Amino acid sequence: MAKSMTKEKRKERMAVCVVSRDPAAAARARAAARAYGFGYDAVHPDIVISYGGDGTLLHSERRYPGVPKLQLRNSATCKKCHDHPLERALGLVRQGRYRVESLSKLEARVRLKNGAKRAGPPGNPTLIALNDIILRNKNLARAIRFSLSVDGKELAPLLIGDGLVVATPFGSAAYYHSITGRSFGKGLGIAFNNLTEAKRPFALPENMTVIVRLLRGPAELAADNERLPATLAEGDIVVVRKAKGDARRILLTD
């Protein structure tokens, strides 16, 4: 009977875990969470405390996809962090003074030319991004060549430059913004990186599929701050679309 009651209490107790690159900050956050009555579960948390900067949130989402993230500042580079002190933020969550925002993510699937197997990932690796999918030249002294299609319709048979970025609305304040000087609120955004012929960025409905064929490489592919472990070569294809699952971010209602 006592064992059953213990399990029931655990169910009622909200469990958190902390993701941080700073071990001392992580220990401080764990102690504060326990002091505010939270349980701690690094395997199946109810909430993830992303305690750091913008990169920490991206890492947190890769480790715990779909689990609500409380993004707290422990870095100078965190544009979207809550500026509440750690204890204040935990208190607001404990009181239920928050809402959860859903954020779309992107999926990038690579099709190697003729099913070829090169050193690196399996034949059809998939990357998931909260911010953006980035294709760019591996050799900084040499442009790549690629084509661009959307939903089977070819928009550009030949583009020459450093690459392109496909961004989510959340990620449009990151690399997409550094290229274009703007952001957007819905859909997918495509921006071009240093093309030989200027091409304006544009937005697409979120249900569309973007296909990039590499005509001359080598090139690298990244999802947020995670790189594909293989170099892309001529004939490889990258297919980008909205991912099935959303990220979830906690917004405090002070």
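The values are calculated or read from the model by the stated rules, or taken from the named source; none is laboratory data. In this text, all values refer to a predicted model and were calculated from it rather than measured experimentally. Neighbour counts run over all protein chains shown; Cβ positions are idealised from the backbone, glycine included.
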Practice prompt. Six or more apart or on different chains, Cβ under 7 Å: which pairs go from a residue in region 172-201 that's outside the structural domain of Ile134 (by TED's automatic domain parsing) to one that's crowded, with 17+ Cβ neighbours inside 10 Å and of a type in the set (D, E, K, R)? Could you list them?
Written response: none
Practice prompt. Evaluate the following for Leu164: is it in contact with a Phe, Trp or Tyr (Cβ under 8 Å, 6 or more places away or on another chain) and either at pLDDT 95 or above or under 30 Å from Arg99 (Cβ atoms) (or both)?
Written response: yes
Item to complete: Within region 71-87, track down each residue that is free of Cβ contacts under 8 Å to residues at least 60 places away in the same chain and out of contact with any His (no Cβ under 9 Å at 6 or more places or on another chain).
Response: Asn74, Ser75, Ala76, Thr77, Cys78, Cys81, Asp83, Pro85, Leu86, Glu87
Discussion item. Which of the numbered conditions does Gly163 fail, given that it passes all the others? Conditions: (1) of a type outside the set (Asp, Glu); (2) touching a Gly at 6+ places or on another chain (Cβ under 9 Å); (3) surrounded by 19 or more Cβ atoms within 10 Å (Cβ to Cβ).
Written reply: (2)
Worksheet item: So which residues in region 119-136 are at pLDDT 55 or above and either more than 9 Å from the chain's Cα centre (by Cα) or not assigned by TED's automatic domain parsing to the domain that holds Pro229 (or both)?
Response: Pro122, Gly123, Asn124, Pro125, Thr126, Leu127, Ile134, Leu135, Arg136
Worksheet item: Name the helices (runs of 4 or more DSSP H) wholly within region 1-88 that hold at least 1 residues that are surrounded by fewer than 12 Cβ atoms within 10 Å (Cβ to Cβ) and either out of contact with any Phe, Trp or Tyr (no Cβ under 8 Å at 6 or more places or on another chain) or modelled with pLDDT of 85 or more (or both)?
Response: 2-12, 23-35
Item to complete: Determine whether Glu107 is within 24 Å of the chain's Cα centre (by Cα) and either among the acidic types (Asp, Glu) or at pLDDT below 95 (or both).
Response: yes
Fill in: Hits in region 191-215 - residues which are under 24 Å from Lys113 (Cα atoms), under 20 Å from the mean Cα position of the chain (by Cα) and of a type in the set (A, V, I, L, M)
Met208, Val210, Ile211, Val212
Fill in: Close pairs from region 11-36: first assigned by TED's automatic domain parsing to the domain that holds Ile49, partner in a loop (DSSP other than H, G, I, E, B) and of a type in the set (A, V, I, L, M, F, W, C), Cβ under 7 Å, at least 6 apart
Met14/Phe38; Ala15/Phe38; Val16/Phe38; Cys17/Ala42
Discussion item. Being farther than 30 Å from Val16 by Cα and of a type in the set (A, V, I, L, M, F, W, C): is that true of Ile190 here?
Written reply: yes
Worksheet item: Which number in (1) at positive phi; (2) without any contact (Cβ under 8 Å) to a residue 24 or more places away in the chain marks the one condition that Asp224 misses?
Response: (2)
Worksheet item: Quick one: Pro218 ticks every box in (1) within 22 Å of Pro157 (Cβ to Cβ); (2) within 17 Å of the chain's Cα centre (by Cα) bar one, so which box is it?
Response: (2)
Worksheet item: Among the residues of region 200-254 satisfying the criterion of being within 23 Å of Gly55 (Cβ to Cβ) and among the small types (Gly, Ala, Ser), which is surrounded by the fewest Cβ atoms within 10 Å (Cβ to Cβ)?
Response: Gly245
